[in-house]
1. What full-extension length gain, to one decimal in nm, is calculated for Ile21 and His111 as 0.36 nm per residue of separation minus the Cα-Cα distance?
2. Could you tell me, in Å, what Rg and Dmax come out for the Cα atoms of the range 16-65?
3. With all pairs of different alpha carbon atoms counted, what Kirkwood hydrodynamic radius in Å does the range 307-650 show?
4. Tally Lys/Arg at +1 and Asp/Glu at -1 over every other residue whose Cβ is under 14 Å from the Cβ of Met595; what's the total?
5. Given a cut-off of under 8 Å on Cα pairs at least six residues apart, what relative contact order in percent is computed for the range 16-65?
6. Using the scaling law 2.2 N^0.38 Å as the reference, what is the normalised Cα Rg of the range 346-460?
7. Grab the other residues whose beta carbon is less than 9 angstrom from that of Ser95, score K and R as +1, D and E as -1, and report the net.
8. I want to check the label-to-label distance for Ser32 and Glu498. Put each point 7 Å from Cα in the C-beta direction and report it in nm to one decimal.
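Readers should treat all values here as calculations from the given coordinates under stated rules, not as data from a laboratory. Remember, it's a predicted structure, so these values are computed and weren't measured experimentally. Heads up, the Cβs are rebuilt from the backbone with ideal geometry, glycines too, and the neighbour counts pull from every protein chain shown.
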Amino acid sequence: RTQAEMAHTCRGTINLSTAHIDTEDSCNIVLSNGGRTYHLKANSEVERQRWVTALELAKAKAIRMRNNQSDDSGDEEPASQSDKSELHGPLKTLSSKLEDLSTCNELIAKHGAALQRSLSELENLRLPADSGEKIKAVNERATLFRITSNAMINACRDFLDLAESHSRKWQRLLQHEREQRIRLEETIEQLAKQHNSLERACRGAPGLASGTASTASTAKGSVQSAKGEASDEDEETEYFDAMEDAPAFITVTADPKHHRRSGSNLSGASEGHPEDWNLEDSVFESSNQSSYNESTGKDLLPRKRRRSRIPDKPNYSLNLWSIMKNCIGKELSKIPMPVNFNEPLSMLQRLTEDLEYHELLDKAVKCESSTEQMCFVAAFSVSSYSTTVHRTAKPFNPLLGETFELDRLEELGFRSLCEQVSHHPPAAAHHVYSRRGWTLWQEITIASKFRGKYLSIMPLGAIHLEFHSSGNHYVWRKVTSTVHNIIVGKLWIDQSGEIEIVNHKSKDKCQLKFTPYSYFSRDVPRKVTGVVSDADGKAHYVMSGTWDEKMECSKITHSSHGSSSTEGKQKTVYQTLSPKVLWRKYPLPENAENMYFFSELALTLNEPEERVAPTDSRLRPDQRLMESGRWDEANVEKQRLEEKQRAVRRRREAEAVEALEEGKDYEGYTPLWFERKVDAVTGELICVYKGGYWEAKDKQDWSVCPDIF
């Protein structure tokens, strides 16, 4: 144990590094240290000897630890101490093993001498002649054993001397390799930045951005450059190990005309129909051929002109460590943090951003097959993460009772309402109605922990989606988001985990796997894979892509069980047709890097609108000040709003105590536009929209809204 541990041991403990070990007779052991002495008794002489050997080894180890701690207590820099321990690790291990051998040698010499004395005493006894010869032979063997042990110890000591003589050479080689690695990382960083600049210059050049193919190429290029920027980490970056069972299945693209196998003897095979995949009026075809403008409906419906930019983000310096060092292990929502770590949007507005690719659900309505519809729902669930690839800033925590509406009923066919229904734990309820045939609702609670080098964000709660005509009811949950390099290095975000989407009417399922980033993995970064299967477990489609770029769907024509892997797991081989692109990320607006990397939809979310509720996030003063670039005033206003909310909570707690003393029931806070009900599908208690908001907006009757700003 270390000295710190030794200083806080229990009563009656003896420090072995300064203890004296002795034997009284064949079964008794004396263990003494200063004024404390223990007399231990063994059952036999053999057991006593085993205890003495174990205590001697433990004593030698305690002495080494004490010496090592005294040697390492110099005035060197912490970084040099770390380097020293890294470089001297193998040498210390060798030295430790050699000292163990030395201790064993001392014990062998001690007990060998005692054995020889005993044998000498036996020789002096009057025994028959043949007995004396046997004793003399045993004595010679004991001497030979001691000599051999000494030779072994000397050889080990020579080896340690040789290792120490080469230690400086090892240090120089390791230092050279470290400097080479640092130079290589700096070179890669410069190349990534130059690559990003060249791509931006190409996108800005005339004649290169015309045509659908060029638009798709530009979008892909922007995403690839984003990956280059996100890979700009330093040696402090924490990486995940590659997952051993990541390739749960293997896909092979087949020729649509010759995809069938005659006389197949593969077990578990299932056949598909490629002619269904190539129909001109297929929803997949329309999804693959639609351009950006068509998919968003820009040319189909008259749209209100909305803003396309916000004030550039100010360049404020901040001592990050002075704020973060007191936050380790605390709930993120309980930490008073300046707006420097925020973006000028609330969590309710971030939740509404999940609807950026709502047209996927509009297309899903047209699907006649529930498994085809599942593909679009799966692509929609992945698309909600595309806005997070650069968005490492923290959204504003909504105040209790804060709301946010997004009324696009006339333009895009849907209207959305969010409300903060709980503050501790923070929970937001969300309801979306689309006149194009679907309704989405959810209650999300954000659990987050700051763990020193990274921040884990775990959304809790189920997302429900129901299609009006078919009655198909889909339920899924979000994966964990992780923000890396919180203290040192470039911030980057990753998504990891699994999503299971279940159609509770048809029992279809889709298993999506978000592979965590690994420096040593050969997979594409931010990879997402999945399989869509029906109620009987038969696989129909393979989903593949990345959560920051696109998702593709491939129809399965044949499936079989492949050979077992090295871990003994049997992989499934899917023979598929050519993939269809269901979703592709829109390119970011121009100058997005100076506008918090907001998407086209995100730029409009905080745009002032008339006739909204007085609790709407657009009216939050600290958020508006931050968007305008007045961060100092925003910090003051943020503290005022948080203190006002604390005062309301204290008053509510006092009312609860008073009601309890009087024997009355106290309901506590009641949401404005939502109510808690037990969900019939999942059996969970969830906040659902009870109605009244849009009617109140038409009448402009906001009398039920509290004064939270």
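1. On the way: separation 90, 0.36 × 90 = 32.40 nm, distance 1.40 nm.
Full extension from Ile21 to His111 adds 31.0 nm.
2. Reported Rg and Dmax, both Å: 10.9, 32.
3. Numbers: mean 1/r = 0.0464 Å⁻¹.
Final number for the Kirkwood radius of the range 307-650 is 21.6 Å.
4. Numbers: positive: Arg307, Arg309, Lys313, Arg391; negative: Asp312, Glu343, Glu590, Glu593, Glu600, Glu607, Glu627.
Residues close to Met595 contribute a combined charge of -3.
5. 37 percent
6. Details: Rg = 15.5 Å, N = 115, 2.2 N^0.38 = 13.4 Å.
Here the answer is 1.16, to two decimals.
7. +1
8. 6.5 nm
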